[in-house]
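Please read the structure below before turning to the comments.
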Amino acid sequence: METIYDEIEIEDFTFDPTTQLFQYPCPCGDKFAISIDDMKDGEDIAVCPSCSLMVKVIFEPEDLDEYYDQI
C-alpha cells in the first residue's frame, strides 16, 4: 500500500517545459517529480527519487491545458 506524505495542489508545483516535469521540494532536499504525460494518463502520485516519500497531486485534467501550451 502506498503511503502518501502529503497532498499538494498543482499550482504549488513548478513546471519545466523542457523536461515536461512538475516538481515540488521534498523534505529530504531533493524534489518530488511527475511528468505531464503521466498526469494526463490519470497518474496523480509524484515521487522523490532520493527517498521513499510520495505526494498526491491535486488537479483536474483541464488544469493541464495551460501547461501543454508552454511546451
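Worth pointing out:
- Where only DSSP H runs of four or more residues are counted, the chain gives -2000 deg cm²/dmol as its mean residue ellipticity at 222 nm, each run worth -39500 (n - 2.57).
- In this simple spin-label model, placing a label point 7 Å from the Cα along the Cα-to-Cβ direction at both Asp44 and Asp69 gives a separation of 2.4 nm.
- Annotation: Cα Rg of region 6-58 relative to the compact-globule expectation 2.2 N^0.38 Å equals 1.01.
Every number here is computed from the coordinates shown, using simple stated rules; none is lab data. Given the structure is predicted, the values throughout are model-derived calculations rather than measurements. Heads up, the Cβs are rebuilt from the backbone with ideal geometry, glycines too, and the neighbour counts pull from every protein chain shown.
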